[in-house]
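The values are calculated or read from the model by the stated rules, or taken from the named source; none is laboratory data. Keep in mind that this is a model prediction, so the values were computed, not measured. Note: ideal-geometry Cβ built from the backbone for every residue, glycine included; neighbour counts use all protein chains shown. Heavy atoms of the whole protein, side chains included, go into the accessibility calculation; ligands, DNA and RNA do not. Shrake-Rupley method; radii C 1.70, N 1.55, O 1.52, S 1.80 Å.
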Amino acid sequence: MKVVILAGGKGTRLGLTDRPKPMVLVSGTPLLERQVEVVRGCGFTDLIFLTGHLGEVIEAHFGDGSAFGVNITHVRESVPLGTAGALRDARHLLSDGPFIILYGDTLLDVDLAHLADYHRQSGAAGTVFAHPNDHPHDSDVVDVDEDGRILRLMAKPHAPDVLLPNLVSAALYVLDPVALDHIVAEGASDIAHHLFPAMLDAGLGLQAYRSVEYIKDVGTPDRLARGEADLASGRVARLSLREPKPAIFLDRDGVLNVELNGVHAAEKLELLPDVPAAVRRVNLAGVPAICVTNQPDVAKGFLTFEGLRSVHAALDTALADGKAYLDDLLFCPHHPEAGWPGEVAALKIDCTCRKPYPGMLTTAAERHNLDLSRSWLIGDRYADIAAAHAAGARAILVETGHAGNDAARYPDETADHVAPNLDAAITYALERI
């Protein structure tokens, strides 16, 4: 599989005059050189650099790539064409199968081979690496269904009252050659703002690849400084798929939001006090924060998958107002017992993902290479405690929500710790990870 790197940026905000943005020094090494190291480390050696401003600097530094253990083809635009227009100029090199696209201003440590395999298995025409951040209101976000298929693209700027699913495109893609047929024939155009909407309009599938791996734009002085700090602290490598890592799992109702015996509408979701600040501490610690929640009311017919997505967008939006986010959210829509008038028969099953079973935790562990023995789950029921222990994780019971009122059903379960609220529970867990 070929790897395309969009390397035409000027670096005006970085104050660069003698080199293009992809050649900015990151802890003493050109950013583009760091990207080549990642690409080669994932087993890819056939690269295409799409250059523009000061492209000769890149060509002089890398040549044909042999000195860096890869093969590089340079395609330099004569006039600015945008990200999609630059791809159009190189389409004669991209007709033999799926290809990966990197933006030349991102610092990353991503398993590109795993991303490529995911794309092949998805059957989509395009795959978008997506993750949450602490500023979705000024980011391009994607809305996905329960299988990760992209339903719509929500480009910034966003209206202040819109509910935003916090899943941000990280400017890393895998595309099939058929995508190139949907680039406008002439002039400049953009992948995210023009090509992807055209693909969706044409009925081509786009898939989201959700990951906690590190990828950040370092195209401003502040972002560059944060990237260098993350390299120095080990955060970049620690979040990679190479490293088994602990996580903090969070139940939803009664832990993050007020327990209502089912939140069936976005406007009914209300966070418990101090929840955004508590979750933000997990984010700042570089520990994945992952929600695992039973949502049997989908099976009972009380709300649809679409309604649940709206509730979770409200959750994301409320957390983002406090600059916090969930790295992933897994839910179980099943319920084994029949008897509700509007129930969904296909979901009335005895599954292994519904807590007290550990399925959601083990799925998250496989997806993100988590070390469950070093992880914690915070919940308000003993069903949460049982799920954590079944997965090999430790568990904290909080005295909010149901406050462990199902203890009689789990006489053999004991929480590893009891805390009055989420903030205290997170303090306890972070000190022991």
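The table for this structure:
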{"quantity": "Protein-only accessible surface order, largest first, of Tyr410, Tyr357 at 1.4 Å", "calculated": "Tyr357, Tyr410"}
{"quantity": "Coarse-grained scattering of the range 78-131 at q = 0.23, 0.25 Å⁻¹, given as base-10 log I(q)/I(0) from a Debye sum over alpha-carbon atoms", "calculated": "-1.12, -1.21"}
{"quantity": "Asp145 versus Arg40: modelled label distance in nm, points set 7 Å from Cα along the beta carbon direction", "calculated": "4.3"}
{"quantity": "FRET efficiency, 1/(1 + (r/R0)^6) with R0 56 Å, evaluated for Glu431 and Ala185 via beta carbons", "calculated": "0.40"}
{"quantity": "Evaluated over the range 84-226, the Cα radius of gyration and Dmax, each in Å", "calculated": "14.9, 45"}
{"quantity": "Helix-derived mean residue ellipticity, 222 nm - over the chain, DSSP H n ≥ 4, -39500 (n - 2.57), to 500", "calculated": "-8000 deg cm²/dmol"}
{"quantity": "Selected from Ile385, Ile248, Ile183 as most flexible by GNM, with the chain as the system and alpha-carbon contacts under 10 Å", "calculated": "Ile183"}
{"quantity": "R0 of 30 Å, Cβ-Cβ distance Arg242-Phe305: FRET efficiency to nearest 0.05", "calculated": "0.30"}
{"quantity": "Most fluctuating residue given options Ala159, Ala170, Ala415, as computed from a GNM of the chain linking Cα atoms under 10 Å", "calculated": "Ala159"}
{"quantity": "Leading residue at positive end of dipole, the chain (Cβ point charges), from Asn294, His114, Ala125", "calculated": "His114"}
{"quantity": "Percent accessible area from carbon and sulfur atoms, the chain, protein chains only, probe 1.4 Å", "calculated": "50"}
{"quantity": "Cα pair distances in the range 307-433, grouped into 10 Å bins until the bin that holds the longest one, percent each", "calculated": "12, 34, 41, 12, 1"}
{"quantity": "When the convex hull of its Cα atoms is projected in every direction, mean area for the range 217-294 (nm²)", "calculated": "7.3"}
{"quantity": "For Ile378, distant residues with modelled amide H under 5 Å away", "calculated": "Phe249, Leu250, Asp251, Ile396"}
{"quantity": "Label-point separation in nm, Ala225 to His114, each point 7 Å along Cα→Cβ", "calculated": "3.2"}
{"quantity": "1.4 Å probe accessible area per residue over the chain, in Å²", "calculated": "41"}
{"quantity": "More than 13 Å apart - percent of Cα-Cα pairs taken over the range 225-268", "calculated": "70"}
{"quantity": "Value of Rg to Rh for the range 1-155 (Rh from inverse mean 1/r over Cα pairs, i.e. Kirkwood)", "calculated": "0.96"}
{"quantity": "Separation of alpha-carbon centers, the range 300-327 and the range 242-290, rounded to whole Å", "calculated": "11"}
{"quantity": "With 10 Å bins from 0: P(r) over the chain, alpha-carbon pairs, percent", "calculated": "4, 20, 30, 24, 14, 7, 1, 0"}
{"quantity": "Of all DSSP beta bridges in the chain, antiparallel share, percent nearest 5", "calculated": "35"}
{"quantity": "Inter-part distance where the range 190-239 and the range 341-419 are each reduced to a Cα centre, Å", "calculated": "31"}
{"quantity": "Partners for Lys245 among lysines (Cα-Cα distance below 29 Å; same-chain residues under 8 apart left out)", "calculated": "Lys216, Lys323, Lys355"}
